[in-house]
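As structure tokens, the structure follows; a few thoughts come after it.
The values are calculated or read from the model by the stated rules, or taken from the named source; none is laboratory data. On a predicted model such as this, the values are computed, not experimentally measured, just so you know. In this analysis, Cβ positions are derived from the backbone assuming ideal geometry, glycine residues included, and neighbour counts consider all displayed protein chains. The protein model used for the area step is the full one, side chains on, heavy atoms only, and it has no ligands, DNA or RNA in it. Shrake-Rupley method; radii C 1.70, N 1.55, O 1.52, S 1.80 Å.
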Amino acid sequence: MKLYNTLTRSKDEFVPNEAGRVSMYTCGPTVYHYAHIGNLRSYIMEDILERYLAYSGYEVNRVMNITDVGHLTSDGDEGDDKMLKGAKREHKTVMEIAKFYTDAFFADCEKLNIKKPNTVVPATSYIDEFIRVVSALIEKGYAYEAGGNIYFDTSKLEKYYVFNDFDEEDLAVGVREGVEADSNKKNKTDFVLWFTKSKFDDQELKWDSPWGVGYPGWHIECSCISMKNNGEYLDIHCGGIDNAFPHHTNEIAQSEAYLGHKWCNNWFHVHHLNTEGGKMSKSKGEFLTVSLLEQKGYDPIVYRFFCLNSHYRKGLVFSYDNLDNAAAAYNKLVAKIVPLLGCEGEMDEAAFASLKKNFTDAMDNDLNTSLGITALYDVLKADISAKTKLALVEDFDSVLKVNLVAAAKKLQAGSAGDDLPEEIKTLAEQRKAARKEKNFALADELRDKIVAFGYSVEETRQGTVIKKI
Ligand code: AMP
Ligand code: ZN
């Protein structure tokens, strides 16, 4: 399998450190608010990577942190600490906020068929480990104390800008919310490993340390959580492209300084989901969450399907029109699967293998999910038995995870309608016509009649489903 590697800036043949096993690390969410669907684009594409590696026969160990303590990198960070801001907004403690939004994040993941990583570690549970690694970095001469904080000394490295398309110019734009000067730093690129004195002094969560009572910086969390759970050699590190600099650059700096050797071979970065107006944000414009999409009547799986239709290394523009197009394509796809359900017949092993190869060729080429979906359309068009088609659909969907067969069964059950009495069928037809003419008052009246006969009427993205109550 070829994967684009931000470190080498090329599509490289993926070779894990240990044959048959892949260690994978994912930067988890900062749990001060709901995830927006942009954040979730990254997690969907990382999920596809994990599932495809497993499908290809690897045993994958995936680790993720939860950033529940601060989100700070130095006194140069602008604005308020996000966790504290969240706690103040909702009149809760930081830990209550963290618990609530961690649960909300995994609930969203479940709706999007994003598998929970094998190991999930909240940063607050690893304080001793952070202190141990920061102490070692001081001992090795890679860190210094200034103004009460411990900083990583980037001038000690042979090369700091490892993803070499970033340079000092990017510093001003690469960080999350912008930078101010931090006068304690020896070098502009130095960053905080441990805070004891900071302009962000009103932290709720602080711990004792050899350098005084304080709290860890953001970058050290991911390095420590990964090294502890994935060992000294990491195969794949994932994240959104905004994390490449400075977060991942700093993770590499401190991990390799600590280990004394190369840490991670492959860096997998997902490009951003943007709105038509530009950058997606939790504070400006419409706050696009999975729940909002559901409120508007979209099945979250349609959003997953929308993401899979584009390559993860291209920016993607979200609009309701684009999502509607994805929903229409998804519904058509599902409708094509309905006639395959329950078909008897022969399994054509040769056709199965050759059509499966189209899918794996696409996915082996830097996870080309949109071509993977094209391979699925090719299956449905192919002149092979229904049984073979359905087996291929199920096989591809074990990676794509867009619930194709379940949706087809639901559609079949809903449109079967054969067991509905004639008068209900007639009312349903009349209601459909009224809705088409936008005569919603009549449509509501007809719905009430159907309900009065003891039937439920549910509008789904796949059409109207009428069932006996
Ligand atoms: P955060 O909760 O801010 O730590 O972000 C969680 C993940 O979402 C990180 O991997 C970010 O790089 C990623 N991310 C942030 N914004 C976007 C976006 N608009 N599109 C895709 N991924 C994003
Ligand atoms: Zn991280």
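At-a-glance table
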read-out: Complete set of residues in region 275-308 that are buried (at least 19 other Cβ atoms within 10 Å of the Cβ) and farther than 30 Å from residue 377 by Cβ; value: 289
read-out: Qualifying residue in region 258-269 (condition: in a strand (DSSP E or B), under 23 Å from residue 3 (Cβ atoms) and of a type in the set (Phe, Trp, Tyr)); value: yes
read-out: Residue count, region 261-282 (criterion: within 16 Å of ligand 1 (Cβ to nearest atom) and either free of Cβ contacts under 8 Å to residues at least 24 places away in the same chain or among the basic types (Lys, Arg) (or both)); value: 4
read-out: Selection from region 403-440 of residues that are surrounded by 16 or more Cβ atoms within 10 Å (Cβ to Cβ), among the aliphatic types (A, V, I, L, M) and without any contact (Cβ under 8 Å) to a residue 40 or more places away in the chain; value: 427, 428, 434
read-out: Any hit, region 17-39, residues being aliphatic (A, V, I, L, M), open to solvent by less than 10 Å² (accessible area, probe 1.4 Å), over 13 Å from the mean Cα position of the chain (by Cα) and away from ligand 2 (no atom under 16 Å from the Cβ); value: yes
read-out: Near pairs, Cβ below 7 angstrom, 6+ apart or cross-chain, from region 175-193 (acidic (Asp, Glu) and within 16 Å of ligand 1 (Cβ to nearest atom)) to any residue that is at pLDDT below 90 and not in a loop (DSSP other than H, G, I, E, B); value: 177/77
read-out: Selection status of residue 55, outside the structural domain of residue 285 (by TED's automatic domain parsing), modelled with pLDDT of 95 or more, aromatic (Phe, Trp, Tyr) and surrounded by 22 or more Cβ atoms within 10 Å (Cβ to Cβ); value: no
read-out: Unique residue being open to solvent by 40 Å² or more (accessible area, probe 1.4 Å), of a type in the set (Ser, Thr, Tyr) and not assigned by TED's automatic domain parsing to the domain that holds residue 41 when the list is 370, 456, 385; value: 456
read-out: Qualifying residue in region 244-260 (condition: in contact with a Phe, Trp or Tyr (Cβ under 7 Å, 6 or more places away or on another chain), aromatic (Phe, Trp, Tyr) and within 12 Å of ligand 1 (Cβ to nearest atom)); value: yes
read-out: Failed criterion for residue 102 (all others in (1) within 15 Å of residue 124 (Cβ to Cβ); (2) of a type in the set (S, T, N, Q); (3) in a strand (DSSP E or B) hold); value: (3)
read-out: So residue 443, is it open to solvent by 20 Å² or more (accessible area, probe 1.4 Å) and assigned to a helix (DSSP H, G or I); value: no
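So that you can scan it fast, the table gives a plain yes or no per residue for (1) crowded, with 19+ Cβ neighbours inside 10 Å; (2) modelled with pLDDT of 90 or more:
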{"residue": "140", "(1), (2)": "no, yes"}
{"residue": "152", "(1), (2)": "yes, yes"}
{"residue": "155", "(1), (2)": "no, yes"}
{"residue": "159", "(1), (2)": "no, yes"}
{"residue": "165", "(1), (2)": "no, no"}
{"residue": "172", "(1), (2)": "no, no"}
{"residue": "180", "(1), (2)": "no, no"}
